[in-house]
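**Student:** Here it is: the structure, laid out below.
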Amino acid sequence: MKKRSSKCHFWVVKAVSLRLAVFILLCMFLLSMPLLGDSALASTFFYKTRLIPIYCVENDRQEIAISFDAAWGSDKTQSIIDILKGEGITATFFLVGMWVDKNADLVMAIDNGGFEIGTHSDTHPDMTKISGERAREELEKSMNKISSITGKKVEVFRPPYGAYNNTLITTASSLGLSTIQWDVDSLDWKGIAAEKICSNILSKTKSGSIILCHNNADHIVEALPTVISSLKSRGYHFVNMSDLILKENFTINHAGKQIKTN
């Protein structure tokens, strides 16, 4: 009886060990799965997929998107519009709702210039620290303010401070918004010289890049002509954000690069 009991105990231990090994392998597989760029929140067992915004796009056509966040000042905005129009390029402006309230004429000027307008929230909070319901209100209010002036649907969203979580991305997606970050940071908001802004952009831009600038940075107006002419000379084509990003059949890797799946 003792030998039989020992043998049974051996097989029980072996079976438990096998199940544990299978479980560990399954967990490793789930952790290695690519993030689906257009998927809803996904969960399997205890594992929750961490959603990531679009930082850049796989692109073999030398296309890039330059963007300007507008939350506070406005005095340089018309100059930026004039430079972009003079260079014959397009751009995307991410506007905060409270900025729209004060600058309806500039919103119209941006739209009339053929530039895309996205939302940057309504009051510029850290949207990872508010509820999903509040986040939805922030987005809906800002979208409605923009659309009431332009008559166009808002399709892209940039989170204030670049802060995001799954709730924010899924909330934005439910409103038809693609959440956009950047892979090229001009750092213009730091008040750095025009030459440094140019260096920050030109040293990192590649096909499919998303460039972050601000509409009221101290030296952005001085830097823009050099940035644009230099990128043009390298063969890059400026497009609106909605024309750069993929709308379907894509994944987003761990670095936030949007990749076509077929």
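Where a number appears in this text, it was derived from the coordinates with a stated rule and is not lab data. Please read all numbers here as calculations on a predicted model, not as lab measurements. Positions of Cβ are generated from backbone atoms using ideal geometry, with glycine treated the same way; all protein chains shown enter the neighbour counts.
**Student:** Amide H neighbours of Val156 under 5 Å, at least 5 residues apart or on other chains, H built in the peptide plane: list them.
**Tutor:** Thr119, Ser178
**Student:** Which residues does the label zone of Glu195 cover in the range 208-229, counting backbone N under 20 Å from a point 7 Å along Cα→Cβ?
**Tutor:** 218-229
**Student:** Once label points are set 7 Å from the Cα along Cα→Cβ at both Asp101 and Ser148, what is their separation, rounded to one decimal in nm?
**Tutor:** 1.1
**Student:** Please give the net charge around His124, taking every other residue with its beta carbon less than 15 angstrom from that of His124, where Lys and Arg add +1 and Asp and Glu add -1.
**Tutor:** On the way: positive: Lys102, Lys129, Arg134, Lys141, Lys145, Arg158; negative: Asp69, Asp101, Asp122, Asp126, Glu137, Glu138.
Charge balance near His124 sits at 0.
**Student:** Something else about it: Calculate, in nm to one decimal, what Leu202 and Glu222 gain on full extension: separation in residues at 0.36 nm each, minus their alpha carbon distance. Numbers along the way, then the final one.
**Tutor:** Working: separation 20, 0.36 × 20 = 7.20 nm, distance 1.49 nm.
Contour length minus Cα-Cα distance gives 5.7 nm.
**Student:** Under a Cβ-only charge scheme (Lys and Arg +1, Asp and Glu -1), can you give me the dipole magnitude of the range 69-151 about the Cα centre, in debye to the nearest 20?
**Tutor:** Details: 8 positive and 14 negative charges, 16 e Å.
Computed charge dipole of the range 69-151: roughly 80 debye.
**Student:** Give me a comma-separated list of calculated 3J(HN,Hα) values for the range 236-246, in order, Karplus coefficients 6.51, -1.76, 1.60 applied at θ = phi - 60°, integers in Hz, x for any Gly or Pro.
**Tutor:** Running phi through 6.51 cos²θ - 1.76 cosθ + 1.60 with θ = phi - 60° gives 7, 10, 7, 10, 5, 4, 5, 8, 7, 6, 7 Hz.
**Student:** Also, quick follow-up: Mind running the shape call on the range 56-260? Use the C-alpha gyration tensor, a ≥ b ≥ c as the square roots of the eigenvalues: rounded below 1.5 for a/c, prolate if a/b tops b/c, oblate otherwise. Could the numbers behind the result be given before it?
**Tutor:** On the way: a/c = 1.56, a/b = 1.19, b/c = 1.31.
Oblate.
**Student:** Calculate, in nm to one decimal, what His237 and Ser74 gain on full extension: separation in residues at 0.36 nm each, minus their alpha carbon distance.
**Tutor:** Working: separation 163, 0.36 × 163 = 58.68 nm, distance 2.67 nm.
Extra length available between His237 and Ser74 comes to 56.0 nm.
**Student:** Quick one: net charge around Asn216, please, counting Lys, Arg +1 and Asp, Glu -1 for every other residue with C-beta under 10 Å from its C-beta.
**Tutor:** On the way: positive: Lys76; negative: Asp69, Asp75, Asp188, Asp218.
Once positives and negatives cancel, what remains is -3.
**Student:** Let me ask something else. Treat the count of other C-beta atoms within 10 Å as a stand-in for reagent exposure and order Asp126, Asp188, Asp218 from fewest to most. Numbers along the way, then the final one.
**Tutor:** Values: Asp126 13, Asp188 24, Asp218 17.
Taking fewest neighbouring Cβ atoms as first place, the list is Asp126, Asp218, Asp188.
**Student:** Next question, about the same structure. Near the amide H of Ile66, under 5 Å away, which other amide H atoms are found, from residues 5 or more places off or on another chain, if H is placed in the peptide plane?
**Tutor:** Those qualifying (amide H under 5 Å, at least 5 residues apart or on another chain) are Thr92, Ile211, Val239.
**Student:** A further question follows. Measuring from label point to label point, each 7 Å out along Cα→Cβ, what is the Glu58 to Lys129 span in nm?
**Tutor:** In this crude spin-label approximation the distance works out to 3.7 nm.
**Student:** Students often check this: by mean Cβ neighbours within 10 Å, which of 86-93, 233-240 ranks highest, and how do the rest follow? Intermediate results must be reported in sequence, preceding the final value.
**Tutor:** Details: 86-93: 19.4, 233-240: 15.5.
By packing density, highest mean first, the sequence is 86-93, 233-240.
**Student:** When the Karplus curve 6.51 cos²θ - 1.76 cosθ + 1.60 is applied with θ = phi - 60°, which whole-Hz ³J(HN,Hα) does each residue of the range 63-76 get, with x for Gly and Pro?
**Tutor:** 3J(HN,Hα) across the range 63-76, in whole Hz: 9, 9, 10, 9, 10, 10, 8, 10, 10, 10, x, 9, 5, 9.
**Student:** Can you compute 3J(HN,Hα) from phi for each residue in the range 86-99, using the Karplus curve 6.51 cos²θ - 1.76 cosθ + 1.60 with θ = phi - 60°, rounded to whole Hz and x for Gly and Pro?
**Tutor:** Once θ is set to phi - 60°, the couplings for the range 86-99 become x, 7, x, 10, 10, 7, 10, 10, 9, 10, 7, x, 5, 6 Hz.
**Student:** On to the next question. Please compute the modelled spin-label separation between Tyr161 and Glu137, points set 7 Å along Cα→Cβ, answer in nm with one decimal.
**Tutor:** 1.9
**Student:** Give the percent of DSSP beta bridges with both residues in the range 108-262 that are antiparallel, rounded to the nearest 5.
**Tutor:** Details: 3 of 8 bridges.
Rounded to the nearest five, the antiparallel share is 40 percent.
**Student:** In the range 56-260, if the dipole is taken from +1 on Lys/Arg beta carbons and -1 on Asp/Glu beta carbons about the Cα centre, which of Ala104, Ser178, His254 is farthest to the positive end?
**Tutor:** Projecting each Cα onto the dipole axis, the largest value belongs to His254.
**Student:** Which of the three applies to the range 91-161, rounded, prolate or oblate, going by the alpha-carbon gyration tensor with a ≥ b ≥ c and a/c under 1.5 meaning rounded?
**Tutor:** The shape class here is prolate.
**Student:** May I pose another question? I need Leu202, Leu95 ordered by Cβ neighbour count within 10 Å, fewest first. Walk me through the numbers on the way to the answer.
**Tutor:** Numbers: Leu202 14, Leu95 29.
Sorted ascending by nearby Cβ count, the order is Leu202, Leu95.
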